[in-house]
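Just so it is clear, none of the values below were taken in a lab; they were calculated from the coordinates. Please read these numbers as outputs of a predicted model, since none were measured by experiment. All Cβ positions, glycine included, derive from the backbone under ideal geometry; neighbour counts span all protein chains shown.
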Amino acid sequence: MKKIEAIIRQERLEPVKAVLEKRGIVGMTVTEVSGRGRQKGVALQWRAGEYRVDFLPKLRLEIVVKNEDVDKVVRIIARSAWTGKVGDGKIFVSPVEKAMRIRTGESGEKAL
Amino acid sequence: MIVNSGDTAWLLISTALVMLMIPGVALFYGGMVRKKNVLSTMMMSFGILALIAILWVLYGYSLSFGPDKGGIIGGLDWTGLMQVGQEPSSVYATTVPHLAFMMFQAMFAIITVALISGAVVERIKFSAFLVFAVLWFTLVYCPVAHWVWGSGGMLAKLGALDFAGGTAVHVNAGMSALALAMVLGPRKGFKEGEHMEPHHIPMVVIGATLLWFGWFGFNAGSALTSGGLAASAFVATNTAAASAALTWMILSWVHRRPTILGTVTGAVAGLVAITPAAGFVPPLAGIPIGIVVSLICYYCTLFRAKRRVDESLDVWAVHGMGGAWGAIATGIFASVAINSAGADGLLLGNGVQLAKQAVAVATVMVFAFAVTWILGKVVDAVMGLRVKEEEEAVGLDISQHGERAYGGISG
């Protein structure tokens, strides 16, 4: 099992979700996060003058999948979250040792 | 002295309108601080509402409006509302119950103290602020209110005009805010250029809206009668607020984008500037008064930021400088055709009035700044003005009040 963690633009959540669902991936956890990368911040205005905000709002998707699904899911996210401009985000994949469905007690891939 | 029911009704309603400005200030300021300090910021207005309301009926009204002592202060004859009853006073608002006039004036005292809190948010110790507030109210507000509005007060005798508090409220609060912020020092991170981002601008907009609404009581209520003068002041007030809001909107647009934070700040600046003038100038004078006040306050805000002075919410720039302009503008635009108890201003050939206005502004500026500085130093020496570093880091909501505004992760 692997955990796919994707930091994406807020407005790309719906397209990513729709394509994943079509390909049979429904479970995910989404968190609102703030981050910075090459995109840098934006300038916002105060009453007079302005200031820079370094951290921009993004969404973090967490999806745990079977090993054989990893490449497919990563490809879908990368394609659906893409705009081509700085700030599209990043995807990280890491191993998962254990999983359990709390309701039934099922564990391993059956819990996904 | 016969009680006039129309005048009394209007003054009582006006009093309630001004009362609503105090939670208005709480929201206005509360939205501009970081979320860990929103409750402490609002508490400084609401707490002051309760505290000064008591001090006012006990002795504040008497010190401010009681029988004159040498033009400097009112006597203690009206302490505890002695001789202040249902009959009109023989000197103030002679067509309404003396109690109604007293209560109307209470709201002015309260809001003036609350305004100062904007300078010191996010790092002042609540207990120290309360102690400061008692001292400042007694030693700064009451004398200045007496000079300006008290029968026999020295600035009133000089002939300086202040319809609803340009000097007594706004210059007074603005200069005191600057002095207290300088004694207290900046917020942690301010010198390093960290920007303290406003956490809830919709709250600021609601606060500004309540201020605009309440200001009708503040200014049109200051006619103390229900009739033509109140209507004239009402129109001048609305016109100046609108003119200044538009001007600030354009200034922020020229910079980059028309911000709502700028637009509502402009509205407040316009209301500040028209305050001393409302019942002395033709209503359309609200337009130039509003345009100029936004220009002044906008650049004062930039100047304050450039000098790296952490007068956090620009009480000096908006109220101090805006109020000073309003007092000066009164000396320019005033006309006895509007208010026979007033005077003609510069535009009607009476330059002397402008000089009188300038003297009043300068007197209040120097007195407010100097006495506040001393009071700040005294409170700091006796009990410490500032919260501990770790209390500031965690936020004043938790460290001073044991509450948080936006808590709760479950359900």
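Magnitude of the charge dipole for chain A, about its Cα centre and with charges confined to Cβ atoms of Lys, Arg (+1) and Asp, Glu (-1), is about 200 debye. The phi-based Karplus calculation (6.51 cos²θ - 1.76 cosθ + 1.60; θ = phi - 60°) puts the 3J(HN,Hα) values of the stretch B:119-125 at 7, 10, 4, 6, 7, 8, 6 Hz, whole numbers, x for Gly and Pro.
Basic side chains Lys and Arg get +1 at the Cβ, acidic Asp and Glu get -1 at the Cβ, and with that the dipole of the protein assembly as shown about its Cα centre reaches some 2200 debye. Can you tell me which of B:V144, B:V352, B:V318 moves the most in a GNM of chain B? Springs connect C-alpha atoms under 10 Å apart. Residue with maximal mean-square fluctuation among B:V144, B:V352, B:V318: B:V352. At the listed q of 0.13, 0.19, 0.24 Å⁻¹, the Debye profile of the stretch B:308-411, built from one uniform point per Cα, gives log10 I(q)/I(0) equal to -0.73, -1.03, -1.24. Among B:K188, B:K125, B:K36, the largest mean-square fluctuation in a Gaussian network model of chain B (Cα springs under 10 Å) belongs to B:K188. Once both axes come from the Cα atoms, what is the angle between helix B:126-136 and the longest principal axis of chain B, in degrees from 0 to 90, rounded to 10? Computed tilt is about 20 degrees. Taking the fewest neighbouring Cβ atoms within 10 Å as the starting point, the ordered list for B:F333, A:F92, B:F190 is A:F92, B:F190, B:F333. Would you work out which of B:G322, B:V378, B:G342 lies farthest towards the positive end of the dipole of the stretch B:314-411, given +1 charges on the beta-carbon of Lys and Arg and -1 on that of Asp and Glu, about the Cα centre? Positive-end residue among those listed: B:G342. Using the empirical formula 2.2 N^0.38 Å as the baseline, the Cα radius of gyration of the stretch B:239-337 reaches a ratio of 1.04. Under Stokes-Einstein, with the Kirkwood radius over Cα pairs as Rh, the value for the protein assembly as shown at 25 °C and 0.890 mPa s is 97 µm²/s. Short version: ³J(HN,Hα) in whole Hz for each residue of the stretch B:13-25, in order, from phi by Karplus 6.51 cos²θ - 1.76 cosθ + 1.60 (θ = phi - 60°), x for Gly and Pro, what are they? Taking θ as phi minus 60°, the curve returns 5, 4, 4, 5, 4, 5, 4, 5, 5, 6, x, x, 4 Hz for the stretch B:13-25.
Among the listed pairs A:K2/A:K22; A:K17/A:K110; A:K17/A:K66; A:K90/A:K110, those whose Cα-Cα separation exceeds 25 Å are A:K90/A:K110. Size of the stretch B:5-395: Rg and Dmax of its alpha carbons, in Å, are 19.5, 59.
Shape of the stretch B:157-268 from the C-alpha gyration tensor: oblate (a/c of 1.5 or more and a/b not above b/c, with a ≥ b ≥ c the square roots of its eigenvalues). Each listed q (0.22, 0.25 Å⁻¹) maps to a log10 I(q)/I(0) for the stretch A:29-101, found by the Debye formula over equal Cα scatterers with no solvent: -1.10, -1.24. Sorted fewest first by neighbouring Cβ atoms within 10 angstrom, B:M82, B:M182, B:M107 come out as B:M82, B:M182, B:M107. Here the extension length gained between B:V336 and B:L20 equals 110.6 nm, from 0.36 nm per residue of separation less the Cα-Cα distance. Think of the stretch A:51-98 as having a plus end and a minus end, set by charges on the Cβ of Lys, Arg, Asp and Glu; of A:G84, A:V64, A:P95, A:G84 sits farthest toward the positive end of this dipole. The 3J(HN,Hα) values that the Karplus relation (6.51, -1.76, 1.60; θ = phi - 60°) gives for the stretch A:82-88 are, in residue order, 7, 10, x, 9, 4, x, 6 Hz. Gly and Pro appear as x. So, in chain B, how many Lys pairs have Cα atoms under 19 Å apart, if the pair is 8 or more places apart or on different chains? Counting lysine pairs in chain B gives 16. Once backbone amide H atoms are built at 1.01 Å from N, A:K58 has A:V33, A:S34, A:G35 as its partners under 5 Å, excluding neighbours fewer than 5 places away on the same chain.
Summarising the label geometry, the points placed 7 Å from Cα in the beta-carbon direction at A:K98 and A:S34 lie 3.5 nm from one another. By the count of neighbouring beta-carbon atoms within 10 Å, fewest first, B:C300, B:C142 end up ordered B:C300, B:C142.
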